[in-house]
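So the structure is just underneath, and the comments pick up after that.
The values are calculated or read from the model by the stated rules, or taken from the named source; none is laboratory data. Worth saying up front: this structure is predicted, and the values here are computed from it rather than measured. Here Cβ is always computed from backbone atoms with ideal geometry, including for glycine, and neighbour counts include all displayed protein chains. When the accessible area is computed, the model is the full protein with side chains, heavy atoms only, and any ligands, DNA or RNA have been set aside. Shrake-Rupley method; radii C 1.70, N 1.55, O 1.52, S 1.80 Å.
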Amino acid sequence: MSQASSAFRINQEGYAPGLPVRAAVLGEGPVTLKNAAGDVVRSITVNAPETDPASGDAVTLLDLGVLESGEYELERGEEKRRLAVKPRSWNAVTHALVKGLYYQRCGCGLSPEHAGVYAHPPCHTAPATEWEDRSVRRRVTGGWHDAGDYGKYTGPGAVTVAHLLYAWKLFPRGCGEDLNIPETGNGVPDILNEARFELEWILQMQRSDGAFYNKLTKSHFAPFIMPQDDLEPEYLMPVCWCATADAAACLALAYRTYRSFDEPFANRMLLAARHAWDWLQAHPDYVPFRNPEGVRTGWYGGRSDVSNRFWAACELYAATGETVYRQAAEQLYTPDLSLREFGWMEVGGLGALCCLFDLKENAGDVLYTRLKQDFLRRCENALTLSEASGYGTALEPERYIWGSILPIMGSAMAMIMAALITGRRDMRDAALLQWHYAMGMNALDLCFVTGFGEHSVMHPHHRPSGADGIEAPVPGLISGGPNKSFCMPQTRERFSPDTPPAKHYLDELPSADTNEIAIYWNSPAVFVGAYFNTPV
Ligand SMILES: [Zn+2]
């Protein structure tokens, strides 16, 4: 039954017993919540709400408290909406977000056994040419297609893997089920099997001197064709400081994670991480990455490499215990480091994860005590943003950028970390509101994960989903969501200048700026989902 006209906005994948149930309602008037027997279990008077600055909606966030498992219905006059409370409500979507990465695999075919109707023959198997020296040709295969395009990018890949590895390290029971991928049953958790597919590719992206190529792409984006039909040559694009640091960090983290499963593989990663660090030390002056002339694929450069080097130093210290890395991290640390950022541009939050949850007190005064203080202060900002939002979304209205889901999931990650460190429930509950946002409690009444929710993204900017002739998009991919800050002219034309930022969204295939998918948007959602999906 379509409930498109409902005034209620809910987590469309349901709620969990033991956690507060929150829903949003537009307008005013008495609201009741009834259980399956029709008994009223909550009765709330909603007064005239304030206007939410990001969405322009007159909206109230309802606190329905902790509810027992069961089916419920929200009512206000003729407006009704069903919601479910059940254990492991978010198990399927959390695992689908990991499996979504399997569908992005490159250099291999996807078999019907694992991919169902989304199977396709191998793609991008030809040797790559170095852009700067066309006489160099190398076979570099594997890795995930980065986003809606078929490029593969080192920094975004490293960040994605790190989100997955920390999700598994911190919340193994929330993300630990089999995914039906080729490696399933090999004795290694499937989330680590999937991450390894990218790690094996990252290792191939290292140049002989230790630096990492920024990306492996064509000179331009492919049209909307299937990956196996994208046959134009791929190039190893010039090396990049940020990519080299991110790869060093990710490989050092992976060394610690995989050591107990496959020691030779782990050692290979640590060696590569050290080599990358040595290259960075030998090249202290940062040179920003620029797309070479004639190249129009993703930039992924970074304005500075400080947070990237910081993260790398932290992970190498955690991996080796060697003072030289700790000293480097301490020297790079400043209170204004991007400790609440987990994306490809700024990665200070990943360094914070390493210091606060792996190194802990061993990190020393700067990297533990001071960093913790600075980090928790940033989390207060996220909490304040959530409290100021009609939907509880921890994002400034002007930060509805390309991929706004990333800072929203990043805020959730930070507040989860703060809740774990301090035991504060307000942080946990605000983090949960970000998860609800992704699952449909938002101004669009839309679950941003393909294949999930009552109203779901149907036309993501994702080449296989657009070219495969199948109506339903590839499942388990999260859309970047509303973007008013960096939108394309053709998107801007579709909206009035007064359209609120949180409604600047088109569920249309060409809308790369509001409806693309990306591996590094899936992965922070995996972290958040794994935490809330952990059995109590
Ligand atoms: Zn491919």
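Just wondering, is there one or more residues in region 270-290 that are at negative phi, surrounded by fewer than 18 Cβ atoms within 10 Å (Cβ to Cβ) and within 16 Å of the ligand (Cβ to nearest atom)? Quick ask: steps written out before the conclusion?
Just the residues of region 270-290 that are at negative phi, to begin with: 270-290.
Going one step further and asking which of them are surrounded by fewer than 18 Cβ atoms within 10 Å (Cβ to Cβ), we end up with 271, 278, 281-288, 290.
Subset that is within 16 Å of the ligand (Cβ to nearest atom): none.
Looking through region 270-290, none of the residues is at negative phi, surrounded by fewer than 18 Cβ atoms within 10 Å (Cβ to Cβ) and within 16 Å of the ligand (Cβ to nearest atom).
Kindly indicate the residue of region 62-73 that is open to solvent by less than 40 Å² (accessible area, probe 1.4 Å) and assigned to a strand (DSSP E or B) and also farthest from Ala502 (Cα to Cα) among those meeting that condition.
So the first thing to find is which residues in region 62-73 are open to solvent by less than 40 Å² (accessible area, probe 1.4 Å), and the list is 62, 64-65, 67, 70, 72.
Filter once more, keeping what is assigned to a strand (DSSP E or B): 62, 70, 72.
Working: Leu62: 20, Gly70: 31, Tyr72: 28 Å.
It comes out as Gly70.
I'm trying to understand the selection: among the residues of region 158-181, which are more than 14 Å from Pro524 (Cβ to Cβ) and either within 16 Å of the ligand (Cβ to nearest atom) or β-branched (Val, Ile, Thr) (or both)?
Across region 158-181, the qualifying residue is only Ile181.
Would you pick out the residues in region 197-218 that are over 23 Å from Glu183 (Cβ atoms), part of a loop (DSSP other than H, G, I, E, B) and within 26 Å of the chain's Cα centre (by Cα)? It would help to see each step written out before you state the result.
Initially, region 197-218 is screened for residues over 23 Å from Glu183 (Cβ atoms), giving 206-215, 217-218.
Next cut, part of a loop (DSSP other than H, G, I, E, B) only: 207-211, 214, 218.
The answer is Ala211, Asn214, Lys218.
Starting from residues that are outside any loop (DSSP other than H, G, I, E, B) and crowded, with 22+ Cβ neighbours inside 10 Å, keep the ones in region 222-240 and report whichever is farthest from the ligand (Cβ to nearest atom). Outline the logic, then answer.
From region 222-240, those outside any loop (DSSP other than H, G, I, E, B) are 227-229, 235-236, 239; that's our starting set.
Okay, now just the ones that are also crowded, with 22+ Cβ neighbours inside 10 Å, so 227, 236, 239.
Details: Pro227: 4, Leu236: 15, Val239: 22 Å.
This residue is Val239.
Matching residues to (1) of a type in the set (A, V, I, L, M); (2) under 30 Å from Glu293 (Cβ atoms); (3) touching a strand residue (DSSP E or B) at 6+ places or on another chain (Cβ under 7 Å):
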| residue | (1), (2), (3) |
| --- | --- |
| Ile191 | yes, no, no |
| Arg207 | no, yes, yes |
| Ala252 | yes, no, no |
| Tyr258 | no, no, no |
| Asp262 | no, no, no |
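Determine whether Pro475 is surrounded by fewer than 22 Cβ atoms within 10 Å (Cβ to Cβ) and touching a residue at least 40 places away in the same chain (Cβ under 8 Å). It would help to see each step written out before you state the result.
Numbers: surrounded by fewer than 22 Cβ atoms within 10 Å (Cβ to Cβ): yes; touching a residue at least 40 places away in the same chain (Cβ under 8 Å): yes.
Yes; evaluated as a whole, the condition is true for this residue.
Within region 130-180, track down each residue that is surrounded by fewer than 16 Cβ atoms within 10 Å (Cβ to Cβ) and not acidic (Asp, Glu).
In the first step, residues of region 130-180 are kept if they are surrounded by fewer than 16 Cβ atoms within 10 Å (Cβ to Cβ); the result is 132-139, 169, 172-173, 178, 180.
Matches in region 130-180: Arg134, Ser135, Val136, Arg137, Arg138, Arg139, Lys169, Pro172, Arg173, Asn180.
For the structure I just gave you, tell me whether Thr184 is among the β-branched types (Val, Ile, Thr), more than 18 Å from the chain's Cα centre (by Cα), away from the ligand (no atom under 16 Å from the Cβ) and open to solvent by 10 Å² or more (accessible area, probe 1.4 Å).
Numbers: among the β-branched types (Val, Ile, Thr): yes; more than 18 Å from the chain's Cα centre (by Cα): yes; away from the ligand (no atom under 16 Å from the Cβ): yes; open to solvent by 10 Å² or more (accessible area, probe 1.4 Å): yes.
So Thr184 fits the description; yes.
With respect to Ala243, is the statement that it is farther than 27 Å from Glu293 by Cβ, assigned to a helix (DSSP H, G or I), hydrophobic (A, V, I, L, M, F, W, C) and more than 15 Å from the ligand (Cβ to nearest atom) true?
Working: farther than 27 Å from Glu293 by Cβ: no; assigned to a helix (DSSP H, G or I): yes; hydrophobic (A, V, I, L, M, F, W, C): yes; more than 15 Å from the ligand (Cβ to nearest atom): yes.
Here the answer is no, as Ala243 does not meet what is asked.
Just to be sure, is Gly343 in a loop (DSSP other than H, G, I, E, B) and either of a type outside the set (Val, Ile, Thr) or surrounded by 21 or more Cβ atoms within 10 Å (Cβ to Cβ) (or both)? Explain how you work it out, then say what you get.
Numbers: in a loop (DSSP other than H, G, I, E, B): yes; either of a type outside the set (Val, Ile, Thr) or surrounded by 21 or more Cβ atoms within 10 Å (Cβ to Cβ) (or both): yes.
So Gly343 passes the test.
So for region 79-87 (the condition being more than 16 Å from the ligand (Cβ to nearest atom), at pLDDT 95 or above and within 23 Å of the chain's Cα centre (by Cα)), does at least one residue qualify?
no
Report yes if Gly481 is under 30 Å from Thr60 (Cβ atoms), under 19 Å from the mean Cα position of the chain (by Cα) and part of a loop (DSSP other than H, G, I, E, B), otherwise no. Full working, then the answer.
Values: under 30 Å from Thr60 (Cβ atoms): yes; under 19 Å from the mean Cα position of the chain (by Cα): yes; part of a loop (DSSP other than H, G, I, E, B): yes.
Yes.
Can we say Val528 is assigned to a loop (DSSP other than H, G, I, E, B) and under 26 Å from Tyr166 (Cβ atoms)? Give the derivation first.
Values: assigned to a loop (DSSP other than H, G, I, E, B): no; under 26 Å from Tyr166 (Cβ atoms): yes.
Considered against the rule, which asks whether it is assigned to a loop (DSSP other than H, G, I, E, B) and under 26 Å from Tyr166 (Cβ atoms), Val528 comes out as no.
For the structure I just gave you, tell me whether Thr51 is out of contact with any Pro (no Cβ under 7 Å at 6 or more places or on another chain), at pLDDT 95 or above, open to solvent by 50 Å² or more (accessible area, probe 1.4 Å) and polar (S, T, N, Q). First the steps, then the outcome.
Details: out of contact with any Pro (no Cβ under 7 Å at 6 or more places or on another chain): yes; at pLDDT 95 or above: yes; open to solvent by 50 Å² or more (accessible area, probe 1.4 Å): yes; polar (S, T, N, Q): yes.
When the stated conditions are applied, Thr51 passes them.
Might you check whether a residue that is open to solvent by 10 Å² or more (accessible area, probe 1.4 Å), under 30 Å from Met409 (Cα atoms), among the polar types (S, T, N, Q) and in contact (Cβ under 8 Å) with a residue 24 or more places away in the chain occurs anywhere in region 21-42?
No, because not a single residue in region 21-42 is open to solvent by 10 Å² or more (accessible area, probe 1.4 Å), under 30 Å from Met409 (Cα atoms), among the polar types (S, T, N, Q) and in contact (Cβ under 8 Å) with a residue 24 or more places away in the chain.
Within region 119-129, can you find the residues that are open to solvent by 10 Å² or more (accessible area, probe 1.4 Å), more than 10 Å from the ligand (Cβ to nearest atom) and over 25 Å from the mean Cα position of the chain (by Cα)?
Going through region 119-129, the residues open to solvent by 10 Å² or more (accessible area, probe 1.4 Å) turn out to be 119-122, 124-127, 129.
So of that shortlist, the ones also more than 10 Å from the ligand (Cβ to nearest atom) come out as 119, 121, 126-127, 129.
Hits for region 119-129 are Pro121, Ala126, Pro127, Thr129.
Could you list, ordered by first residue, the pairs with Cβ atoms under 6 Å in which the first is in region 445-456 and open to solvent by 20 Å² or more (accessible area, probe 1.4 Å) and of a type outside the set (A, V, I, L, M) and the second is modelled with pLDDT of 95 or more and not in a loop (DSSP other than H, G, I, E, B), at least 6 apart or interchain?
Pairs that qualify, where the first residue is open to solvent by 20 Å² or more (accessible area, probe 1.4 Å) and of a type outside the set (A, V, I, L, M) and the partner is modelled with pLDDT of 95 or more and not in a loop (DSSP other than H, G, I, E, B), are Phe452/Val93; Gly453/Cys447; Ser456/Cys447.
Residues are listed down the side, and each one gets a yes or a no for (1) closer than 26 Å to Pro292 by Cα; (2) surrounded by fewer than 16 Cβ atoms within 10 Å (Cβ to Cβ); (3) at pLDDT 95 or above; (4) within 14 Å of the ligand (Cβ to nearest atom):
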residue	(1), (2), (3), (4)
Trp90	no, no, yes, no
Cys106	yes, no, yes, yes
Pro112	no, yes, yes, no
Val117	no, yes, yes, no
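Among the listed residues Phe452, Phe486, Phe495, identify the single one that is in a loop (DSSP other than H, G, I, E, B), modelled with pLDDT of 95 or more and touching a helix residue (DSSP H, G or I) at 6+ places or on another chain (Cβ under 7 Å). Show your work before the answer.
Numbers: Phe486 fails: modelled with pLDDT of 95 or more; Phe495 fails: touching a helix residue (DSSP H, G or I) at 6+ places or on another chain (Cβ under 7 Å).
After applying the criteria, what remains is Phe452.
Would you check which residues across region 201-221 are in contact with a Gly (Cβ under 8 Å, 6 or more places away or on another chain), open to solvent by 10 Å² or more (accessible area, probe 1.4 Å) and under 24 Å from Asp305 (Cα atoms) and list them?
Gln204, the sole residue that qualifies.
Could you tell me which residue of region 134-156 is farthest from Pro464 (Cα to Cα), considering only residues that are more than 13 Å from the ligand (Cβ to nearest atom) and of a type in the set (S, T, N, Q)?
Only one residue fits best here, namely Ser135.
Hey, Glu315 hits all of (1) touching a residue at least 24 places away in the same chain (Cβ under 8 Å); (2) open to solvent by 10 Å² or more (accessible area, probe 1.4 Å); (3) among the charged types (D, E, K, R) but one; which does it fall short on?
(2) is the only condition that Glu315 fails.
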